[in-house]
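Step one of this worksheet: look at the structure below.
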Amino acid sequence: MHRSKEEGDQASLSDIARAIQETHTQNARLLEQQTVLLELVQSLQKTVESLSAGSVGVSSGASHTLAPSAVGTTKPAPAAPAPEKKSDEGLSVFISYCWANSQNAKDLNEVKEVFGVTDPRQVQADLEARGIKSWLDKQQLGKRGLFEDIADGLISAKVVVAFLSDEYAKSENCCMEFQFAKKTLRIPVIPVVVGAGWNWQKTKIGLMIAGDLFIDFTDASKYGDKFEELFGRLDGLVGSNATEEKFKEAVAATAVNPTTDELKEGDGFELYWDDLDGGNLNFSSTFSKDPIKAPGTGDLLKAAYYWPVDVLETDPERPNEVYVDYKSYEGMGWATWILKSKLRPISYASVSTSSLAAGQRVEVKLAQRASTDRPYAYCWVAGTVTSLGSDSKVNVQLDAEVPNEGYFRDVTVKRSAIKML
């Protein structure tokens, strides 16, 4: 972003805390987004520290039976082994769930009680068996740090499957994952109900999915049918039957993605900055999840990019302009009036990259943030594919000017973070 490291590091932690407390006000919807990932990591850290006490998102109540292990059966599942650590290659689905709804978590002594009849970890295992690869915390956390692992998983995801329950709605971890996907990234979210109660519908989670079609997994005898419904929706978005048309339909149905003709407060867009108009990327914070060569420190890399922003205000007397604030920079004094012509709707990675080859023009989605104490945002930067890496990785040379020998414009990104031009 167009700010030096020294300036970025001056962000006040007290401002962040104050923003968290300003809920249920006109600006709460905008300000709480700036802390979604930061609070998520802090809360997850507490979760890890309290595992031995079994206090991960658990409320008092009776235990329930685990959902069937085999698709279409009604027999209780045996104790499942701990999910194995897996590579993050090709994980375009992010699994968001509460451990209090997982029998596997109870078997591993991660929680004391379980609520509901369907284990999200079992559903994820069944999806994997059908070829739908997904990001699950037990398989992905602990690689580079909580913040980086979660940011990687969410920013690279094309779809989020949220396993909703009363326990989910009470969990800060789950709510922040849900809000980040729905409000910041604005990617499709498939709601799946797994809990024993329905009070979650009266919470902010329920409000955010009002009108969305959810899949009800609360009846174990219907597990097979409901699993096929979930698989069918995912297969059309990220599986063998995925198409750009189906993905666009899902975005229209489950993600807020307005046009510049219908601007209103709270809308999200991507703002274009060209390399001659302050288009500087701050390499003092994380730039690419898997850079070929580590970036240096100090100067800014000059490049054109798209950065996510929120609409704060419109004015009939300024019909060609809109007042916006930058993701990760909320409340830091960067809000400004800009031309509507510099905005575009939220962009998404290409559904299929099978035709990708060296020389292909692309945009890549890269992790960025204002400074190390701010939550992650992202940016899209244009570039050219130089070679195809191993598995799902692609090597890209960005359209950027290198200020000195400490910088490199070559990056390695996942296919799930590439948009073909």
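Which order do GLU177, GLU321, GLU172 take when ranked by solvent-accessible area (1.4 Å probe, heavy atoms of all protein chains), largest first?
Sorted by accessible area, descending: GLU172, GLU321, GLU177.
Counting Lys +1, Arg +1, Asp -1, Glu -1, what net charge surrounds LEU271 among other residues with beta carbon under 9 Å of its beta carbon?
Its environment carries a net charge of +1.
For GLU401 and THR336, compute 0.36 nm times the residue count separating them, minus their Cα-Cα distance, and round to one decimal in nm.
Once the chain is fully extended between GLU401 and THR336, it gains 20.8 nm.
Can you sort LYS222, LYS302 by 1.4 Å-probe accessible area, starting with the largest?
LYS222, LYS302
Heavy atoms only, probe 1.4 Å: what % of the accessible area of region 333-389 goes to carbon and sulfur, would you let me know?
Whole-percent figure for carbon plus sulfur exposure: 54.
Quick check on my link table: of LYS202/LYS248; LYS182/LYS327; LYS133/LYS222, which ones sit more than 19 Å apart, alpha carbon to alpha carbon?
LYS202/LYS248; LYS133/LYS222
How much of TRP99 can a 1.4 Å solvent probe reach, expressed as accessible area in Å² and rounded to 10?
30
Which entries in LYS246/LYS419; LYS226/LYS414; LYS183/LYS302; LYS158/LYS246; LYS302/LYS365 show an alpha-carbon gap greater than 19 Å? Don't jump to the answer; show the numbers that get you there.
Working: LYS246/LYS419 16 Å; LYS226/LYS414 30 Å; LYS183/LYS302 28 Å; LYS158/LYS246 13 Å; LYS302/LYS365 16 Å.
Pairs exceeding 19 Å: LYS226/LYS414; LYS183/LYS302.
The values are calculated or read from the model by the stated rules, or taken from the named source; none is laboratory data. The structure displayed is predicted, hence computed values, not measured ones. Quick reminder, even Gly has a Cβ in these numbers, built from the backbone with ideal geometry, and neighbours come from all protein chains shown. Accessible surface is based on the protein model in full, side chains and every heavy atom, while ligands, DNA and RNA are left aside. Shrake-Rupley method; radii C 1.70, N 1.55, O 1.52, S 1.80 Å.
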